[in-house]
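Note sheet for the following structure.
Derivation of every value follows stated rules applied to the coordinates shown; laboratory data play no part. Predicted model, so just to flag it, every value in this text is computed and none were measured. Don't worry about glycine lacking a Cβ; one is built from the backbone with ideal geometry, like all the others, and counts go over all protein chains shown.
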Amino acid sequence: MRIHTGEKPYTCLQCGLSFTLKETFRMHMKVHTREKPFTCKLCGKSFNRKLSLRNHLKIHSEEKPYTCSQCGKRFTHKQHLDVHMRIHTGESPFTCQQCGKSFTQKGTLNRHMGIHTGKKPFSCQLCRKSFTRKIVLERHVRIHTGEKPYTCGQCGKSFCQHGNLIVHMRIHNGENPFICRQCGRSFNHKGSHNRHMRTHTGERP
């Protein structure tokens, strides 16, 4: 009933955030206590969630024999390399029949279609906001909990989204996968690449 009444009886004494559910409150507290009960037996790195440990273990268990000739990034499977190469070539073979927008992956097109169908089956129990995908809901919930499960192994900075960590890591490894086909300049973020392209096309945002 607290979801409907808006009651939030669990308050964090560290930052003042309040929560409806005890479990959500407990997850949030790990942000302050830095409790990381899940430890990798191979390298000793610890995590505050079992899922984060599971994702980390892939680093140890998977070989990456496929290397991108453009930027040196390595992949476990050839199909992952093929998809990655589209960043460099600009190829977007999957096109939405409704609006004409194109995508590098079929899964991304399928998710995009939710915009046209209007279906949002995944709802946040804390604020009732709805989403087309479960993973987007999970990212949204971190706004309420303050959880940042993705940590940079180089500098310790944490992020609530895995994509933000990937972009951040390019600062350390110098990777610039987005290359301008007009002048050859490269960028570590797609948004920066798109803004740069406007200097050639004259297009205004």
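Determine which aspartates and glutamates satisfy two conditions relative to LYS41: a Cα distance under 17 Å, and not lying fewer than 8 residues away in the same chain.
Excluding near neighbours in sequence, the set is GLU62.
Pop the C-beta distance of ARG133 and ARG86 into the FRET formula with R0 = 25 Å and round what comes out to the nearest 0.05.
Details: r = 21 Å, r/R0 = 0.85.
The pair ARG133/ARG86 has a calculated efficiency of 0.70.
For segment 53-205, calculate the relative contact order in percent as a whole number, restricting contacts to Cα pairs under 8 Å that are 6 or more residues apart.
Values: 158 pairs, mean separation 16.4, N = 153.
Result for segment 53-205 is 11 percent.
What does the charge dipole of the chain about its Cα centre add up to, to the nearest 20 debye, if the Cβ of each Lys and Arg holds +1 and the Cβ of each Asp and Glu holds -1?
On the way: 38 positive and 11 negative charges, 56 e Å.
Its charge dipole is roughly 260 debye.
At 0.36 nm per residue, and after removing the present C-alpha to C-alpha distance, how many nm does the segment from GLN98 to GLU7 gain when stretched out fully? Spell out each step's value before the answer.
On the way: separation 91, 0.36 × 91 = 32.76 nm, distance 4.22 nm.
Contour length minus the Cα-Cα distance gives 28.5 nm.
Can you tell me which aspartates and glutamates have their Cα less than 20 Å from the Cα of LYS22? Leave out same-chain residues fewer than eight positions away.
Excluding near neighbours in sequence, the set is GLU7, GLU35, GLU138, GLU147.
List the lysines whose Cα lies under 17 Å from the Cα of LYS101, skipping any in the same chain that are fewer than 8 positions away.
LYS190
From the residues PRO149, ASN173, MET113, which one has its Cα farthest along the dipole of segment 53-205 in the positive direction, the dipole being from +1 and -1 charges on Cβ of Lys/Arg and Asp/Glu about the Cα centre?
MET113
Report the full-extension gain for the segment VAL167 to CYS152: residue separation times 0.36 nm, less the Cα-Cα distance, to one decimal in nm. Walk me through the numbers before you get to the answer.
Details: separation 15, 0.36 × 15 = 5.40 nm, distance 1.07 nm.
Between VAL167 and CYS152, full extension yields an extra 4.3 nm.
Amide H of PHE94: which non-local residues (sequence gap of 5 or more, or other chain) have their own amide H closer than 5 Å, using H built in the peptide plane?
PHE103
Which of the listed residues, PHE122, SER69, PHE19, is farthest toward the dipole's positive end in segment 1-136, when Lys, Arg count +1 and Asp, Glu count -1 at the beta-carbon?
About the Cα centre, the residue reaching furthest to the positive side is PHE19.
Skipping prolines and chain starts, which residues have an amide H placed within reach, meaning under 5 Å, of the one on LYS8, given they are 5 or more residues away or on another chain?
none
Under 5 Å between amide hydrogens, which residues at least 5 positions from PHE122 or on another chain qualify, with H placed 1.01 Å from N in the peptide plane?
PHE131
Taking the Cα centre of segment 36-126 as origin, work out the dipole magnitude from +1 charges on Lys and Arg Cβ and -1 charges on Asp and Glu Cβ, in debye rounded to 20. Intermediate results must be reported in sequence, preceding the final value.
Details: 17 positive and 4 negative charges, 93 e Å.
The calculation lands at about 440 debye.
Based solely on C-alpha atoms, express the radius of gyration and the Dmax of segment 34-127 in angstrom.
18.7, 49
Answer with a single label: of [x] 19.6; [y] 12.6; [z] 15.1, which was calculated as mean projected area of the Cα convex hull in nm² from the structure in view?
Only one listed value fits the structure, namely [z].
Under Stokes-Einstein, with the Kirkwood radius over Cα pairs standing in for Rh, what whole-number D in µm²/s applies to segment 131-203 at 25 °C and 0.890 mPa s? Walk me through the numbers before you get to the answer.
Values: Rh = 14.3 Å.
Answer from the Stokes-Einstein relation: 171 µm²/s.
So which of LYS50/LYS106; LYS106/LYS134; LYS45/LYS148 end up more than 21 Å apart by C-alpha? Kindly include the intermediate steps, with their values, before the conclusion.
Working: LYS50/LYS106 29 Å; LYS106/LYS134 18 Å; LYS45/LYS148 16 Å.
Over 21 Å Cα-Cα: LYS50/LYS106.
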